[in-house]
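Everything below concerns the one structure shown next.
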Amino acid sequence: MSTIVEMKTLNKFYGSHHVLKNIDLSVARGEVVVVIGASGSGKSTLIRCVNGLEMYQNGSLLVDGYPMPVEEDRLLGGESELAAIRKGVGMVFQQFNLFPHKTVVENITIAPMRVHRKSKAEAEATALRLLDRVGLKAHAHKYPGQLSGGQQQRVAIARSLAMEPHLMLFDEPTSALDPEMIGEVLDVMRELAADGMTMMIVTHEMGFAREVADRIVYIDQGAILEIGKPDAFFDNPQNERARAFLARVLKH
Amino acid sequence: MIARSLKWSRHNLFAKPFDVLLSLTVIPGVLWLIWQIAGWALTVAQWDIIPQSLRVLMIGIFPVDQAWRTWVAAMIIAALLGAALGCVFAFRGRHAGGLLLVVAVALVLTGTKGLANILCVAALVALFGLSWALISRVPAARRGLVPASFVGLIAIFAVMAPPGAGLWGGLLLSILLTLVTAVVTLPIGILLAFGRRSRFSSVRWICTAYIEVMRSVPLIMVVYWIWILMPVLTPQLNLADVVRGMIGFTLFYSAYVAEYVRSGLQAVPRGQTEAARSLGMSEFDINRSIVLPQALRVVVPPLVGNVLDIFNTAPLVFIIGLTDFLRAGQMILANPQYGDRTYEVYSFLFLTYFLVGSLITFVARKLEKHLARGSR
């Protein structure tokens, strides 16, 4: 298996605040990596670096065969790789971030039409197929505001899939949802994983993490403290802080 | 009915001792005022001056034999306004009835002015209604609205220019000035607003400086400066006063539009841009298709309010020698023969300004409701 993401001694600062510390992590194609850690540990920042929504200051990051430029280069205009990377990397956000002024189907077709120059008919056919896949074909012509949170998040997943990504990033996809809607989103993600999609997921759903992950990454205060198979990690964490974290979150 | 109005007045006029006192002083006062004004308007006032000088009030000193040009311009304006209205209000049968009523009123008012004028007024109203109906019934036609309004403005200039732009005047000048300023400031304001948020600090600085300078000086000064400077900067162009006035207004109000648009841009959540970026969309596409439509939706009501501002400050062009609506009224009064009709003329000016202004605020309020419904 070839690697799709490769981080080497990656560092990120907000001013003098050291947010990510010497991150070394590689993700293989077809792999599902779940990143867990306490709030503010840097896990969201970590996956937001992968598609360049956050800039990093030093180290190296290779995504989908392209080197992600460091902050200095990006500010000087070296962003050509960024566009290529983003075409191949999809992302799902905690707040869904659907475009409220566009219908569900327009939300899904706009990027394929603008970025891949697909015809409207072709893009709509793909959109309807994807909506069928996430169980929302009947809602194709509604506006996001008319849908529930769980439905909106499934549309957001379909929107990302429409770009035929090689890698999907999930940034706490169920954290803004009412409890009864979490299941429907996780189901879609399970199916994606089963279909062999490469995924990096930040989540607080430990049961789900254990079930779908190929590897768990535990991050605390901006540093990766432990990487392991889910069973080994959850049953017998090696790192002391990981043990304390699991004791806290698995208690309820 | 009587019981209900009694109850209403008890609740609203005579609920507490202070209310009673207030009602007993204010209501008779207002009634007395209305009585006085109505008495003057119906018995003393000599309204014949209004129809006699209606042409000057409407088009200033534009040559009589060229008046058809102003009718064409008015028809283009009517079509554009109808189309703009159609974007917000669905056209219904009862609206057609209302328009017929307008024609009927116009018939009565202009009944003595000849068949040609009546036909022209009817055509104006018909064009307004037709483009209103077309735009509200055929949503696809909305796409052509922005280019159409630019073509319309150019057409107005083309048809009005031959007798000389120096002859433009009256209400038509006020409306043209407002229309040109409103339409042209929008794209400029949008560009300035984006420029003020640009990642290139040179662009950011230039746009910020422009906006802040324009916002900290009076409109009259900008108009006056442009009027003086244009002939010096471009002596070969020999721009008419009207055009220089429009340039001054446009430069000034662009800064205000930019600030309104910027407040709209700031209201669009960061997540929208991030989602679009993560889909690989270019910054241009993101701004045009994701950020700008959401931003404009927020600021349409203040932008319509801005149009009202432009219309109400239009009389200031008298400072560069133009004859707008207000100035046309004063011109009539300058004629010694009409020296005793001051109140009649100013009442007419007041009513017309009030009608146009309240129409614009009415549209703005409806627009606000319409947009609030759409965003849910």
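The values are calculated or read from the model by the stated rules, or taken from the named source; none is laboratory data. Since the model is a prediction, treat every value here as computed from it, not as a measurement. As a convention, Cβ positions derive from the backbone with ideal geometry for all residues, glycine included, and neighbour counts pool all protein chains shown.
What do you reckon, is residue B:242 over 30 Å from residue B:294 (Cβ atoms) and modelled with pLDDT of 95 or more? No. Hey, any hits in the range B:111-127 for a residue that's under 27 Å from residue B:368 (Cα atoms) and polar (S, T, N, Q)? No: the range B:111-127 contains no residue that is under 27 Å from residue B:368 (Cα atoms) and polar (S, T, N, Q).
Only a single item in (1) hydrophobic (A, V, I, L, M, F, W, C); (2) buried (at least 18 other Cβ atoms within 10 Å of the Cβ); (3) modelled with pLDDT under 95 is not met by residue A:219, and it is number (3). Can you name every residue in the range B:268-296 that is surrounded by fewer than 18 Cβ atoms within 10 Å (Cβ to Cβ), in a helix (DSSP H, G or I) and more than 7 Å from every other protein chain (Cβ to nearest Cβ)? Residues satisfying the conditions are B:270, B:283, B:284, B:288. Between A:52, A:40, the distinction of being within 12 Å of another protein chain (Cβ to nearest Cβ), assigned to a loop (DSSP other than H, G, I, E, B), free of Cβ contacts under 8 Å to residues at least 40 places away in the same chain and of a type outside the set (Lys, Arg) belongs to A:52 only. Checked against the criterion of being crowded, with 18+ Cβ neighbours inside 10 Å, out of contact with any Leu (no Cβ under 9 Å at 6 or more places or on another chain) and either more than 13 Å from chain A (Cβ to nearest Cβ) or of a type in the set (Asp, Glu) (or both), the candidates B:303, B:308 yield just one match: B:308. When the criteria are applied in full, residue B:328 meets the requirement of being of a type in the set (Gly, Ala, Ser) and buried (at least 18 other Cβ atoms within 10 Å of the Cβ).
Here residue B:148 clears all of (1) closer than 14 Å to residue B:81 by Cα; (2) at pLDDT 90 or above except the condition numbered (2). Checked against (1) facing another protein chain (nearest Cβ under 10 Å); (2) touching a residue at least 40 places away in the same chain (Cβ under 8 Å); (3) outside any helix (DSSP H, G or I); (4) not basic (Lys, Arg), residue A:20 passes all but a single condition, namely (1). Selection within the range A:101-116: residues that are within 23 Å of residue A:50 (Cα to Cα) and surrounded by fewer than 20 Cβ atoms within 10 Å (Cβ to Cβ). The member of this set that is nearest to the other protein chains (Cβ to nearest Cβ) is A:115. In the range B:224-236, the residues that are under 16 Å from residue B:318 (Cβ atoms) and assigned by TED's automatic domain parsing to the domain that holds residue B:319 form Cβ pairs under 6 Å with partners that are among the charged types (D, E, K, R) and surrounded by 13 or more Cβ atoms within 10 Å (Cβ to Cβ), at six or more places apart or across chains, as follows: B:226/B:244; B:227/B:244. Is it true that some residue in the range B:205-223 is within 14 Å of chain A (Cβ to nearest Cβ), hydrophobic (A, V, I, L, M, F, W, C) and surrounded by fewer than 18 Cβ atoms within 10 Å (Cβ to Cβ)? There is no residue in the range B:205-223 that is within 14 Å of chain A (Cβ to nearest Cβ), hydrophobic (A, V, I, L, M, F, W, C) and surrounded by fewer than 18 Cβ atoms within 10 Å (Cβ to Cβ).
In the range A:82-100, the residues that are on the phi < 0 side of the Ramachandran plot and facing another protein chain (nearest Cβ under 7 Å) reach residues that are surrounded by 23 or more Cβ atoms within 10 Å (Cβ to Cβ) and aromatic (Phe, Trp, Tyr) with C-beta atoms within less than 9 angstrom, at least six apart or across chains, in these pairs: A:91/A:170; A:93/A:170. Checked against the criterion of being charged (D, E, K, R), in a helix (DSSP H, G or I) and in contact (Cβ under 8 Å) with a residue 60 or more places away in the chain, the range B:91-110 has no qualifying residue.
When you scan the range A:126-139, do you find a residue that is surrounded by 14 or more Cβ atoms within 10 Å (Cβ to Cβ), more than 9 Å from chain B (Cβ to nearest Cβ), among the β-branched types (Val, Ile, Thr) and assigned to a loop (DSSP other than H, G, I, E, B), even just one? Yes, the range A:126-139 has at least one match.
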